[in-house]
1. Quick one: of the DSSP bridges fully inside segment 1-158, what percent are antiparallel, nearest 5?
2. Give the distance, in whole Å, between the Cα centre of segment 1-56 and the Cα centre of segment 257-319.
3. Measure out, as a whole number of angstrom, how far apart the alpha-carbon centroids of segment 207-221 and segment 79-113 sit.
4. GLU45 versus LYS30, label points 7 Å from Cα toward the beta carbon: distance in nm?
5. Provide the per-residue ³J(HN,Hα) series for segment 101-118, in order, calculated from phi with Karplus coefficients 6.51, -1.76, 1.60 and θ = phi - 60°, each as a whole number of Hz, with x at glycine and proline positions.
6. Enter the accessible area per residue of segment 92-204 (Å², integer; probe 1.4 Å; all protein chains in place).
7. Would you mind checking which residues have amide H under 5 Å from LYS293's amide H? H placed 1.01 Å from N; only 5 or more apart, or other chain.
8. Please report the antiparallel percentage of the DSSP beta bridges confined to the chain, to the nearest 5.
Amino acid sequence: MALFDLPFDELREHRSASVAPEDFDAFWSKTLQEAREHDLDARFERVDTGLSTVDVYDVTFAGFGGHPVKGWLRLPAGATGPLPLIVEFIGYGGGRGLAHENLLWASTGRAHFVMDTRGQGSAWGGGGGTADPVGGAPAFPGFMTRGIDAPENYYYRRVYTDAVRAIEAARSHPLTDPARTVALGSSQGGGITIAVGGLVPDLVAVAPDVPFLCDFPRAVTLTDRHPYREIALFLKTHRGRSADVQRTLSYFDGVHFAARGRAPALFSAALEDQTCPPSTVFSAFNSWAHEDKAIEVYDFNDHEGGGPYHEAAKLRWLRSYA
């Protein structure tokens with residue numbers, strides 16, 4: 001697929017037409033307050049992986065509704081002092097994987113916490129282990145329209161809340177340094193990263209790669225690739241529901257969380273990305289409120305973005321923050 005979105009000069013200035021609901025902040029303040037009424041109950045159980053350089057802990061904590069959410073905490077073997085903390089969120093359909101996977105960040109001498117995404121973990125990778133016990137109204141197969149009848153019921157209300165609680169759980173471990181916490185992730189994980197960047201006030205940095213869940217009004221009408229396509233196919237059947245759906249999605253649009261971002265940020269975008277079109281990524285980047293921000297652009301790449309090249313860019317960039 002060749003370049004299909006706006007010319008690069010226009011991307012640099014592109015802004016979303018999405019409007020934040022008047023009660024956006026109140027909605028999220030109430031949501032997180034209700035979640036914190038449940039004991040976080042973060043539990044860390046050491047796992048025998050056969051690894052000699054990394055210690056791995058199987059983590060369970062209480063997310064949205066007090067529901068148990070899984071994760072992995074990976075630490076450099078034998079670590080004795082508070083470590084900079086990387087909290088990572090996973091792409092659409094994937095799960096936390098297996099205990100011995102994903103060793104990059106722990107290999108840098110940092111603590112690395114990976115959150116399982118509720119109800120997912122069955123499309124690729126090593127799987128997941130977190131159920132989503134909340135039911136919902138009729139939905140198109142996938143996760144994008146689950147509970148889309150109302151913001152209170154929407155699937156990503158639960159996921160974003162889990163993500164905030166994941167940061168709290170990771171920070172509760174005695175070998176992590178809460179004052180040096182970074183959030184990052186790719187695709188869906190990038191969208192979740194942007195959300196927590198707007199909901200958690202004291203992160204030291206965020207790094208959303210080719211982020212999903214941004215600029216819904218443009219994304220749903222620009223690309224016919226899944227997962228955004230799930231929303232269009234839902235509306236194809238549920239005629240006349242477009243305004244209600246857009247209202248629900250406006251509470252979960254990365255553009256509005258970005259406008260509340262309070263940490264330095266490194267974004268990435270790929271100019272041939274049909275899954276998360278570059279204009280939707282730039283919508284979030286251009287809305288990011290913190291003045292210390294940068295974006296790496298991969299001009300001939302699709303949704304894989306910069307891959308290992310961007311991992312190297314993040315390794316260099318994070319030296320200044322954690």
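The values are calculated or read from the model by the stated rules, or taken from the named source; none is laboratory data. Small disclaimer: the values here were computed from a predicted structure and weren't measured. As a convention, Cβ positions derive from the backbone with ideal geometry for all residues, glycine included, and neighbour counts pool all protein chains shown. For accessibility, only protein heavy atoms count, side chains too; no ligands or nucleic acids. Shrake-Rupley method; radii C 1.70, N 1.55, O 1.52, S 1.80 Å.
1. Within segment 1-158, antiparallel bridges account for around 80 percent of the total.
2. That distance is 14 Å.
3. Going from one Cα centre to the other spans 24 Å.
4. Going by the 7 Å Cα→Cβ label model, 3.7 nm.
5. Taking θ as phi minus 60°, the curve returns 7, 6, 9, 4, 6, 5, 6, 8, x, 9, 7, 9, 10, 10, 8, 6, 9, 3 Hz for segment 101-118.
6. Details: 3420 Å² over 113 residues.
Accessible surface, normalised per residue, equals 30 Å².
7. ALA265
8. 45 percent
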